[in-house]
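One structure below.
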Amino acid sequence: MIKKVCFYIFLFFCLLLNIVIDLKVPKYFGILSKCFDRDIILASSLYILICFIVALISALIVVDILLVFYKKEKELDGFKLKIRDGTFGTANWMPENEIANVLGSDKIPGIILGKYNGNIIKLPLTGYFNKNICIFR
């Protein structure tokens with residue numbers, strides 16, 4: 001939702017920028033006339049062409065931004081991330097119903113993680129998951 005609002009704000013500013021640039025083109029030609037000491041006449045066909053090129057460049061920038069967003073969404077298809085943006089990792093707290101399935105109890109050899117409901121909870125040495133742990137005190 002926030003991305004859409006930001007994108008619409010960006011489109012609005014692109015439109016304003018196009019209008020400002022299009023209105024300033026005759027003044028740019030006036031400056032060029034003074035710089036080169038010549039009368040540079042801005043014909044209406046040239047003015048239309050310049051406005052069209054500015055609008056085309058803006059439209060291509062907007063299309064590029066849309067393609068980047070679309071590609072990013074497509075790259076995440078098929079992955080079930082805990083957090084949509086995994087820039088700083090996707091670690092999360094384990095729900096209670098997964099503790100019995102993933103972690104071991106008193107009898108299984110492993111890395112002791114702590115106590116939960118009176119039972120010692122361990123990370124099994126022969127389990128699927130890596131043995132990276134983070135300890136909070």
Segment 94-137: Rg/Rh from Cα coordinates, Kirkwood Rh? 0.92
If each of L15 and K115 carries a label point 7 Å out from its Cα toward its Cβ, how far apart are those two points in nm? 6.5 nm
Length released on extending from K107 to F52, taking residue separation times 0.36 nm less the Cα-Cα span: 12.3 nm
Using a 7 Å offset from the Cα along the Cα-to-Cβ direction at both L32 and I61, what is the distance between the two label points in nm, to one decimal? 2.0 nm
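Since every read-out is calculated from the coordinates, none of them should be taken as a lab result. Quantities reported herein were computed from a predicted structural model and do not represent experimental measurements. Neighbour counts run over all protein chains shown; Cβ positions are idealised from the backbone, glycine included.
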